[in-house]
Every structure is written in C-alpha cells, then in structure tokens.
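Worksheet: one structure, shown below.
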Amino acid sequence: MGGAAAAGAARWIQRLSAARISTEALQRGQSRVIDASLTLIRERAKLKGELLRAMGGVKASASLLGVPLGHNSSFLQGPAFAPPRIREAIWCGSTNSSTEEGKELNDPRVLTDVGDVPIQEIRDCGVEDERLMHVISESVKTVMGEDPLRPLVLGGDHSISYPVVRAVSEMLGGPVDILHLDAHPDIYDCFEGNTYSHASSFARIMEGGYARRLLQVGLRSITKEGREQGKRFGVEQYEMRTFSRDREKLENLKLGEGVKGVYVSVDVDCLDPAFAPGVSHIEPGGLSFRDVLNILQNLQGDVVAGDVVEFNPQRDTVDGMTAMVAAKLVRELSAKIAK
C-alpha cells in the first residue's frame, strides 16, 4: 500500500489490533465489503447482459469497467482519478457518438458500462494487494459471465492489466495474444520491491502462462533488465528507434489464431507527449495518435477484451486534451470489440 490513504488504512488496522479485534473478525468484515462491491457490478452486468440478449444478434459488446487504482505507480498516483474523466470525455458534447468506422456508442450493442470497482473503499478496510488483485479478477469474470459483455477496462495504473488478463484467460480457458502499446515494457521481475508494481505487470502475466504471444509496441524507455526479461519470456519488442522500419508490419498485424483471442492494452504514454501530455511518465519520441489508430484499426483478430491505462488527469492540460485522447482510444477499441 502507498500514499496517505494507505497510511490511514494502516493506522486503522493498528487501532483494531490495539482494541484486540481478531484477524478473523477483520477478514469477515473485509469479505462483506468485497461481496457488496462485487454485488453492484454483478447486478449491473446482469441487467446489461439481459438487455443485449433480449435484443438478439449481438456476439460481443464492449462493457466499461473502471479500476481506479494508482498506488502501484512508481512515480505519481494520479491515474486513480482517470475513469470518471474518461467517461466524461466520451460523452461530452464536443464530438458525436460515432466511431471512425461508423459504429454508434450510444447503441448498447456496441458499448455498455457496469461502473467501477471501488478500489479505495476496499483498501480503506485494510485489504492488501494480493487479495485486491483477486477482487479485480473476480469483477472482470463477473462481466464476462454475462454474455455477450466483453470487458474494456479503464485504469488506473498498469498494474491492473495483470489481474484483468488473468481473469480473461481463465474465463476463456486458455492463453490469449496480447498487443501492448507503451513507452515502457513493464516487465521488471519486481520493481522497487513491489511484485504488483505497474512496472511488473507483464512479468506476472507471462509467468502465469496467460499469454502466448506478447507484442510490445512504442518502446523508448527500456533498460537492460527490460530487454533480458523480454528475451526470457519470448516477447516481441518493437522500439521507436526502429519504428519507421517496422511500421508496415505493425500496421498489418494478425493475432489470435490458435488461442482464445486478442487482448489489447494501451498505456496512454505510448503516444508522444505532444498528443497526450497528461501522463505520469513523459517520454518524448513516441507514436502519433494516427499511428496508434492505424495499428488498432488494421489489427486482424478477435479482440476479446482490453484496457486503457496510465492517463493522469492531474497532469492534463486545462482543456482536458489527454482525457479526449483516452476517450477516443476507448471509442475505437469499443468498435474493435463489438460484433
């Protein structure tokens, strides 16, 4: 745990210990809070699923699930505030509700919303990260359990990708191929002593066998360990210094054959900061927004789930430029998922 909220939760646990409240009693209380949190997501997902099944003819609909988690960030924790800002930008009046290929976001067959996992409320009860990651996984499974909903997760820092991909793989019964757009590989074995760090999420995913292929695109801040871990796990790493050479291949990807589908993870800092300044880790020399859309729109494969992470509203411009960028990414990923 980290930050002021974590310190507050720690003090609360200490007071309970001083009052001789048993560990069993504390865990029972935590379980009630977790169950209540999952119940709301479950009921919203059930309602949206029933609606779509009644409409008929829907194979897959993207369903927004917010995971406002920021404490596993190694620098700033602002991504915890991103989900409501992204939703606000999606539906603001400055643009229409059509995706570039003409799908309408206000059609529930394209996009639904089941709300947020109440991360801070759960952490305030003293729930540690291992259990919290399982709560996130269970939330994703709850969404996927209501066919034809497919989770499109709003982060949050990149640590959330591990429990989300784990849940997707377990629900589908096997590994997926992952397209990961990012300035960083996020594949440290254990960053700054935190196995659940946002810089270690893809190490956990690959260790768990939840992905067959992992393609990382947009890299321009990668250490010796990042490259070594990439080789260890057989990751296909594409760095920006060779993007002009790799462009044609990356804009014509075909993924998911022989596995359960394709998962797309977009860290907003894959973009050059000229396009998306509202991120915690500003890395010049990144992808243009059209580069990203070309990669996503031309991708051949069954996209079964995805996430958009690491938007930090606390570093955005006053007019919410990066919020609009994140919203556009969500819109176009929705179009890719919806069938």
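The values are calculated or read from the model by the stated rules, or taken from the named source; none is laboratory data. What you see is a predicted model, and the numbers here were worked out from it, not measured in a lab. Neighbour counts are summed over all protein chains in view; Cβ atoms, including those assigned to glycine, are modelled from backbone coordinates with ideal geometry. Quick note on the areas: whole protein, heavy atoms, side chains included, nothing else; ligands and nucleic acids left out. Shrake-Rupley method; radii C 1.70, N 1.55, O 1.52, S 1.80 Å.
Quick notes on this structure:
- Residue within region 167-183 that is in contact with a Cys (Cβ under 9 Å, 6 or more places away or on another chain) and part of a loop (DSSP other than H, G, I, E, B) present: yes
- Test set (1) at pLDDT below 95; (2) surrounded by 17 or more Cβ atoms within 10 Å (Cβ to Cβ) - residue 69 fails condition number: (1)
- Every residue from region 198-215 that is at negative phi and either part of a loop (DSSP other than H, G, I, E, B) or within 15 Å of the chain's Cα centre (by Cα) (or both): 198, 199, 200, 201, 202, 204, 205, 208, 210
Every residue, every condition in (1) touching a His at 6+ places or on another chain (Cβ under 6 Å); (2) assigned to a loop (DSSP other than H, G, I, E, B); (3) modelled with pLDDT under 95; (4) not basic (Lys, Arg), yes or no:
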{"position": "24", "(1), (2), (3), (4)": "no, no, yes, yes"}
{"position": "37", "(1), (2), (3), (4)": "no, no, yes, yes"}
{"position": "44", "(1), (2), (3), (4)": "no, no, no, no"}
{"position": "52", "(1), (2), (3), (4)": "no, no, no, yes"}
{"position": "63", "(1), (2), (3), (4)": "no, no, no, yes"}
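- Note on region 116-134: residues that are open to solvent by 10 Å² or more (accessible area, probe 1.4 Å) and either under 16 Å from the mean Cα position of the chain (by Cα) or aliphatic (A, V, I, L, M) (or both) total 3.
- Being buried (at least 24 other Cβ atoms within 10 Å of the Cβ), under 26 Å from residue 241 (Cα atoms) and of a type in the set (D, E, K, R) holds for only one residue in 182, 189, and it is 182.
- Counted residues, region 261-282 - those being out of contact with any helix residue (DSSP H, G or I) (no Cβ under 8 Å at 6 or more places or on another chain) and closer than 30 Å to residue 59 by Cα: 1
- Checking each residue in region 64-95 for being aromatic (Phe, Trp, Tyr) and either closer than 20 Å to residue 164 by Cβ or touching a Phe, Trp or Tyr at 6+ places or on another chain (Cβ under 6 Å) (or both) picks out only 81.
- On the stretch given as region 74-109, residues that are out of contact with any helix residue (DSSP H, G or I) (no Cβ under 6 Å at 6 or more places or on another chain), surrounded by 20 or more Cβ atoms within 10 Å (Cβ to Cβ) and among the β-branched types (Val, Ile, Thr) total 0.
Quick grid of which residues meet (1) of a type in the set (S, T, N, Q); (2) closer than 17 Å to residue 79 by Cβ:
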position: 137; (1), (2): yes, no
position: 142; (1), (2): yes, no
position: 145; (1), (2): no, no
position: 151; (1), (2): no, no
position: 154; (1), (2): no, yes
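- Residue within region 146-154 that is assigned to a helix (DSSP H, G or I), more than 16 Å from residue 309 (Cα to Cα) and open to solvent by 10 Å² or more (accessible area, probe 1.4 Å) present: no
- Residue list for region 46-78, filter: of a type in the set (A, V, I, L, M), within 23 Å of residue 108 (Cβ to Cβ) and under 18 Å from the mean Cα position of the chain (by Cα): 62, 64, 65, 67
- From 108, 84, residue being over 12 Å from the mean Cα position of the chain (by Cα), modelled with pLDDT of 95 or more and either assigned to a loop (DSSP other than H, G, I, E, B) or among the aromatic types (Phe, Trp, Tyr) (or both): 108
Residue-wise test of (1) of a type outside the set (A, V, I, L, M); (2) in contact (Cβ under 8 Å) with a residue 60 or more places away in the chain; (3) over 15 Å from residue 180 (Cα atoms).
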site	(1), (2), (3)
237	yes, no, no
241	yes, no, yes
244	yes, no, yes
258	yes, no, yes
264	no, yes, no
276	no, no, yes
299	no, yes, no
315	yes, yes, yes
319	yes, no, yes
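- If you check 62, 45 for being open to solvent by less than 80 Å² (accessible area, probe 1.4 Å), within 29 Å of residue 200 (Cα to Cα) and of a type in the set (Gly, Ala, Ser), only one passes: 62.
- Spans of strands (runs of 3 or more DSSP E) in region 222-339 with at least 3 residues open to solvent by less than 10 Å² (accessible area, probe 1.4 Å): 262-267, 303-309
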